[in-house]
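Take a look at the structure set out below.
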Amino acid sequence: MIRFLLLILVLFNCTSFYSQDKVKIDSINKIYVQGLNIPQDSIVALFQKNLNDAETIAYELGMADAYSQLSLVYGYQGKYEESAKNAINGIKIYEKLNKLDRVADYYAEMGYTMKYRDLEKGLYYMQKGKAIAEENDFENELKDIYNNYGVLKEMNHELDSALIFYNKGLKIKLEINDTIGIPYSWSNMAGVYGLQENFLKAREYFNKSLQQRLVWADSLGIAENYTQLGEVFMAEKKWNEAIPLMHKSLPISLNKQYQNLTQYNYKMLSDIFKKLNNADSALYYFEKYSTVKDSVHSLKVQQNISALNIEYETEKKQNEILQQRAQLAEKDLQVRRKNTLIFGSLGLAFVLAFLGYLFYNQQKLKNRQLQKEGELKAALAQIETQNKLQEQRLRISRDLHDNIGAQLTFIISSIDNLKFGFMDISKKLGDKLTNISNFTSQTIYELRDTIWAMNKENITFEDLQARIANFIEHAKNASEETEFSFHIDQEVDKNHLFTSIEGMNIYRIIQEAVNNALKYAEAKAITVYISDDEDEYHISIEDNGKGFDKNLIEMGNGLNNMKKRAGEINGKLIVKSNLQKGTHIRLVFPINS
Amino acid sequence: MPYVENRKRNLSLVLKLQWNMYFQLAIIIILALLLIAPTLWFSREKKSIVFAHRNTLFNLENAISINMSQIDLRRQNLNKYEFLKYNVHDALIIQNEIEL
């Protein structure tokens, strides 16, 4: 009996205990995770213990609920694998227990937690959960499912669709007065309004949600609202208004170890400070973000941090490079300006030098030309003067000859007229008149010679020689019995120039001597010989005539004329004559007379 | 210095460098013109001077040549004087084109 009673007592106790455990398990499973203000690890430990307890008593529903809570907590912590594992474990039990409402909720929850990692899959699971809930009209689940589904729709940019589902969810929540869920709906709707750029309405709904959550101390929700309000300001580019809101959200998300929100806040802050060109702060928050994200997601964050770091360093380096470039550019500019000045001055100096050279060259050319023109002008003036002088002399000579010659001719003519006009003039008178006539004729001849000599400056030896030869030829023709010879010594300079007076006088002397030899000496041979020594010419006229005694015969006009002519050329006339032997007349005169 | 200020400073320097380049170019062009223009002008002047000089020389040489030919003609005529004929009228030929 006692054993039976003991057994019954033990059974009763066991039952009691078992009942008490289930209640405890249920009560723990019902805890609102978002509102717990204990470390996340503790929450995990709590539900893990709860699960273990449920396993211990094989309380499947409790296990499933515990799995559900664990899935939720791990999801908040970003431990998606753990979250998914727990969710699947929970779903299996719920399906086994035919707890379709839980199944619907689980799928929806699973889909919701996958929204960042795999939106498509997330939508799939959510739709699955929604379908089950709608089919079975699980309003309690549907309120959250609609809300969360709206979130996914929103993420998928189906804003109108998102609003529809949010409103659906809100409607149910309002009906059942889900004071915790209503703020979620408001927040979600506000988000859509924000995306539609209806910022006023967005802020209105976020504030409504925030106020409600503040009442119910929904820490995570409050943190989310702060972040969302900050996002609205960000969308309006009011960066400075957004920052304090992010800073309000951060401590809550950190405290609650709501990793996703924490990393999101950090990311938003990093973006805000980047927009404000505050690279330091931007980098700081991005590092924070990546630290959080790394623990949640893959190592891709490291690369982003590195990239941001690099970007920061690059910007810093670029800034330094720009500064250095600016300094180099300034120095370069100074150098270029100096160079411009120097080269410009050199160039100008070169140009001036070149202009000077051109000018100098031009002047030199002009001077050369002027000199040449001057020489030619001088030569022209000289030759013109000479020409004019000669011409004037010639004209005067000619006029002189014409006048005097005419007068002398008149005299001759008059005398002739006298001689032949008066038949009874005496012989003496006749002879006298004849002498006067001859003298006058001679005067005319001398006048002509003088006039010619006045105009002819010089006569070449060659010319003189030719004239003398011509004269001798005439004499030969006039006196065929007489033998004439004319020689010039080889040593005589044939290029010598005589003045016309010299030439004339030499010729006349020779002419007179030869005529005398022919007329008076009755010579058979007459020789004319020209020679010279160093500084005198010797012209000798020799004949083999009858000669004369100089002491007895008075020098006639011819000989006197010859002496006079010799005197005119600074020479002397030497007359040697021997009776019957001939006469030798020698004219000696200086070469440069 | 902030990045934006640096960029502004660099931009102004770039403009200054550009203006300096234009200034240098302007100087080069001006110097080139100062070289080319006078060279052309002097070349043209030289040609005209040489041409005028050649004309002057030609006229002078021509005048000299005329004078020389007149002197030569006079000399030739004077050489026609024969001592035996006393033909002074054949020797003294007046050249009327000579203006005294």
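The values are calculated or read from the model by the stated rules, or taken from the named source; none is laboratory data. Please read these numbers as outputs of a predicted model, since none were measured by experiment. For neighbour counting, all protein chains shown are included, and Cβ atoms are generated from backbone atoms with ideal geometry for every residue, glycine included. Remember, those area values only see protein heavy atoms, side chains included, never the ligands or the DNA or RNA. Shrake-Rupley method; radii C 1.70, N 1.55, O 1.52, S 1.80 Å.
Summing charges over all other residues whose Cβ lies under 14 Å from the Cβ of A:SER479, with Lys and Arg as +1 and Asp and Glu as -1, gives -3.
Going from the chain on its own to the full set of protein chains, segment A:479-508 has these residues losing 10 Å² or more of accessible surface (heavy atoms, 1.4 Å probe, no ligands, DNA or RNA): A:MET504, A:TYR507, A:ARG508. A:PHE422 contributes about 110 Å² of solvent-accessible surface, heavy atoms of the protein only, 1.4 Å probe. If a/c stays under 1.5 just call it rounded; otherwise compare a/b with b/c (prolate if a/b is bigger, oblate if not). Do that for the protein assembly as shown, with a ≥ b ≥ c from the square roots of the Cα gyration tensor eigenvalues. Prolate is the answer for the protein assembly as shown, as a/c is 1.5 or above and a/b outweighs b/c. With 20 Å as the limit, the listed pairs A:LYS153/A:LYS208; A:LYS274/A:LYS317; A:LYS96/A:LYS128; A:LYS153/A:LYS238 have A:LYS153/A:LYS208; A:LYS153/A:LYS238 beyond it between alpha carbons. Straight-line reach from A:LYS428: taking Cα to Cα under 20 Å and skipping same-chain neighbours fewer than 8 places apart, the lysines in range are A:LYS419. Think of a 1.4 Å ball rolled over the protein heavy atoms: chain A then has 54 Å² of accessible area per residue. Close amide H partners of A:TYR537, meaning residues 5 or more places away or on another chain with modelled amide H under 5 Å apart, are A:PHE589, A:ILE591. Using 0.36 nm per residue and subtracting the Cα-Cα separation, the extra length available between A:ILE88 and A:GLU60 on full extension is 8.7 nm.
Straight-line cross-link reach from B:LYS46 at under 25 Å between alpha-carbon atoms covers these lysines, not counting any fewer than eight positions away in the same chain: A:LYS364, A:LYS366, A:LYS372, A:LYS377.
Using a ≥ b ≥ c from the Cα gyration tensor of segment A:526-593 (square roots of the eigenvalues), is it rounded, prolate or oblate, where a/c under 1.5 gives rounded and otherwise the larger of a/b and b/c decides, a/b for prolate? It is oblate, given that a/c is not under 1.5 and a/b is not larger than b/c. Applying 1/(1 + (r/R0)^6) with R0 = 30 Å to the Cβ-Cβ distance of A:ASN52 and A:TYR32, what FRET efficiency is obtained, to the nearest 0.05? Taking R0 as 30 Å, the efficiency between A:ASN52 and A:TYR32 is 0.90.
Taking amide hydrogens as placed 1.01 Å from N in the peptide plane, the amide H of A:PHE484 sits under 5 Å from those of A:ILE526, each at least 5 positions away in sequence or on another chain. Residue-wise HN-Hα couplings along segment B:48-59, as the Karplus relation 6.51 cos²θ - 1.76 cosθ + 1.60 with θ = phi - 60° gives them from phi, are 5, 5, 4, 4, 4, 4, 4, 4, 4, 4, 4, 4 Hz; Gly and Pro carry x. In terms of accessible area, using a 1.4 Å probe and ignoring ligands and nucleic acids, A:TRP239, B:TRP41, A:TRP452 rank largest first as B:TRP41, A:TRP239, A:TRP452.
Using only the Cα atoms of segment A:403-443, build the gyration tensor, take square roots of its eigenvalues as a ≥ b ≥ c, and label the shape rounded, prolate or oblate: rounded if a/c is under 1.5, else prolate if a/b is larger than b/c, else oblate. Taking the square roots of the gyration eigenvalues as a ≥ b ≥ c, segment A:403-443 is oblate.
The peptide list A:89-99, B:84-94, put in order of mean Cβ contacts within 10 Å with the highest first, becomes A:89-99, B:84-94. In this simple spin-label approximation, B:LYS47 and A:ILE425 carry label points 7 Å from Cα along the Cα→Cβ vector, and these lie 8.4 nm apart.
Based on C-alpha pairs under 8 angstrom that are at least 6 apart in sequence, segment A:409-535 has a relative contact order of 27 percent. With 0.36 nm allotted per residue and the present C-alpha distance subtracted, the A:ASN438-A:TYR124 stretch has 95.9 nm of extension available. Shown is the FRET efficiency for A:TYR445 and B:ASN62, computed with R0 = 51 Å from the Cβ-Cβ distance and rounded to the nearest 0.05: 0.80. Note on B:LEU33/A:GLN323: beta-carbon distance plugged into 1/(1 + (r/R0)^6) with R0 of 45 Å gives a FRET efficiency of 0.65.
Taking 26 Å as the limit for the C-alpha separation, the pairs A:LYS171/A:LYS248; A:LYS99/A:LYS171; A:LYS237/A:LYS267; A:LYS427/A:LYS550 exceed it in the case of A:LYS171/A:LYS248; A:LYS427/A:LYS550.
Each of A:THR179, A:THR262 has its accessible area taken with a 1.4 Å probe; listed largest first, they run A:THR179, A:THR262.
What distance in nm separates the simple spin-label points at B:ARG54 and A:GLU81, each placed 7 Å from Cα in the Cβ direction? Going by the 7 Å Cα→Cβ label model, 10.6 nm.
Within the assembled protein chains, the solvent-accessible surface assigned to A:GLU330 is about 70 Å², based on a 1.4 Å probe. In a fully extended conformation the segment linking A:HIS474 and A:LYS494 would gain 4.9 nm over its present Cα-Cα distance, using 0.36 nm per residue. Per-residue mean of foreign Cβ neighbours for A:446-457 is 4 (Cβ atoms of other chains, 10 Å radius). Using Cα-Cα distances under 8 Å and only pairs 6 or more residues apart, what relative contact order does chain A have, in percent? The normalised contact order for chain A reaches 6 percent.
Amide H to amide H, with H built 1.01 Å from N, A:LYS576 comes under 5 Å of A:HIS584, A:ILE585, A:ARG586, counting only residues 5 or more places away or on other chains.
Mean per-residue shielding of peptide A:399-411 is 1, counting Cβ atoms of other chains within 10 Å of each Cβ. Restricting segment A:230-296 to GluC sites (Glu not before Pro) that sit in a DSSP loop and have at most 16 other Cβ atoms within 10 Å of their own Cβ leaves A:GLU236.
Helix content alone sets the calculated 222 nm mean residue ellipticity of the protein assembly as shown: runs of n ≥ 4 DSSP H residues at -39500 (n - 2.57) each, divided across all residues, give -26500 deg cm²/dmol.
With the cut-off at under 20 Å, measuring from each backbone N in segment A:110-146 to a point 7 Å along the Cα-to-Cβ line of A:HIS157 picks out A:115-124. Ordering of B:67-76, A:180-189 by packing is A:180-189, B:67-76, highest average first (other Cβ atoms within 10 Å, averaged per residue).
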